[in-house]
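First the structure, in the form of structure tokens, and then the observations on it.
Read-outs: derived from the displayed coordinates by stated rules, not from any lab. Keep in mind the model is a prediction, meaning the values are calculated, not measured. Using ideal geometry, Cβ is built from the backbone for each residue, glycine included, and neighbour counts are taken over all protein chains shown.
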């Protein structure tokens, strides 16, 4: 009977490599447990990556990376032009932060899509400068306002951005701008025709709103 028990113990030892009579080392046991846990985590990550959720996450990450690269390529040329434009006159752009809407006008390129042409009003001519200033402080810059004037003294604040037969604004992306009517043209239809022609030839927007 003793011989049979000994045989069973010996067979158990040969099958799984574990001898119940030999005490297991604590360090080797903890090391084996860590290896099993690490192997389990790696197996879980592999199964997760190969699952439908893993494929979906990979697709989203690739889509975001593609969008960032495409956006960088599209904006690179425009940003380079902006940087060169600011470096050409850094002091002037530093002063422009006070009188204009910061550097926002630099992000317009080419012809504007829309402009708002502000025609002279017959109501209270003496208060026109105040009204034009209010337009500048509110919606004038964002709406790309163009003030139609007979003399720059009507709104000297925008004297840097005059559109006439002889000159164009120093900074074409800065608004409001002044559209100067020649002395030979008075009020009425002739002024309106000249304004429309000048807006079309000098600014060339897709749309022009008159007010």
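Some notes on this structure:
- Net lengthening on full extension, residue 185/residue 142 (0.36 nm per residue, minus Cα-Cα): 12.5 nm
- Sorted by Cβ density within 10 Å, fewest first, the residues 197, 144: 197, 144
- Likely footprinting exposure, 52, 170, fewest C-beta neighbours within 10 Å first: 52, 170
- Theoretical gain in end-to-end length, residue 160 to residue 201 [0.36 nm per residue, Cα-Cα removed]: 12.8 nm
- Mean projection of the Cα convex hull over all viewing directions, computed for segment 108-210: 6.2 nm².
- Fewest-first ranking of 181, 196, 73, using other Cβ atoms within 10 Å as the exposure measure: 73, 196, 181
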